[in-house]
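Notes follow the structure.
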Amino acid sequence: MARSAHPELTRAALLAAARQVLRRQGATLSLDAVAREAGISKGGLLHHYPTKERLLAALAHALVEDFQRELAAVYGAETAQRGPQPGAWLRAYIEVCFRPDVDEPALSAALAPLGALPEQLASLQEMQAFVLRDAEADGLPAGRAHAVRLACDGLWLGRQVGIPDLDAARLAALKEELIAWTRP
């Protein structure tokens, strides 16, 4: 990859390459492998992301932003069809959380090393603050809203740490129950 006059495109290509490497190698990602995948020199990669931690933090942020965009699209589709209704945001959250996600291994591999870096973890926590804010503003009792949110988060976290997942019938039953909780 030649040096680009558009550094944002180069950074996007580097993050896409990092996702591919994480899918293949998991947390053993190396900067050399990412540079090779992107077709750029290691020096070019280091110009944009001076450390592996900075690359992983940028990838984690990009994955959170992808999740937020997907959530906004699902929420927008429901509100366009039915108008704003209590529980609409949580129904969108449930829908997105229950989708099979090819980036789950990439996300967990990207986030794992960040736990040892308080400044990076704080930044990710700030990005995730929308979950608490929007769940509470969804027009449902706060306790119910957080029960739904935490069930979705627990499902995702369980998959990340290797807790056996529910079979398709049990997942469907759980999703149906959570959706029922979002109806006033």
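The values are calculated or read from the model by the stated rules, or taken from the named source; none is laboratory data. Being a predicted model, the structure only gives us computed values, none of them experimental. So basically every Cβ, Gly included, is an ideal-geometry build from the backbone, and we count neighbours across all protein chains shown. What goes into the accessible areas is simple: the full protein's heavy atoms, side chains included, and nothing from ligands, DNA or RNA. Shrake-Rupley method; radii C 1.70, N 1.55, O 1.52, S 1.80 Å.
What's the total number of residues in segment 58-70 that are open to solvent by less than 20 Å² (accessible area, probe 1.4 Å) and either at pLDDT 90 or above or of a type in the set (S, T, N, Q) (or both)? So the answer is 0.
Residue check: residue 83 meets all listed conditions (1) crowded, with 20+ Cβ neighbours inside 10 Å; (2) at positive phi; (3) among the small types (Gly, Ala, Ser) but one, namely (1). Looking only at segment 98-147, count every residue that is within 18 Å of residue 159 (Cα to Cα) and modelled with pLDDT of 75 or more and tell me the total. Matching residues across segment 98-147 total 3. Of the residues 90, 55, the single one that is touching a residue at least 60 places away in the same chain (Cβ under 8 Å), of a type in the set (A, V, I, L, M) and open to solvent by less than 50 Å² (accessible area, probe 1.4 Å) is 90. The condition of being part of a helix (DSSP H, G or I), β-branched (Val, Ile, Thr), at pLDDT below 90 and more than 14 Å from the chain's Cα centre (by Cα) holds for residue 21.
So, in segment 140-160, of the ones that are touching a helix residue (DSSP H, G or I) at 6+ places or on another chain (Cβ under 8 Å) and open to solvent by 50 Å² or more (accessible area, probe 1.4 Å), which residue ends up nearest to residue 95 (Cα to Cα)? Restricting to residues being touching a helix residue (DSSP H, G or I) at 6+ places or on another chain (Cβ under 8 Å) and open to solvent by 50 Å² or more (accessible area, probe 1.4 Å), the top hit is 156.
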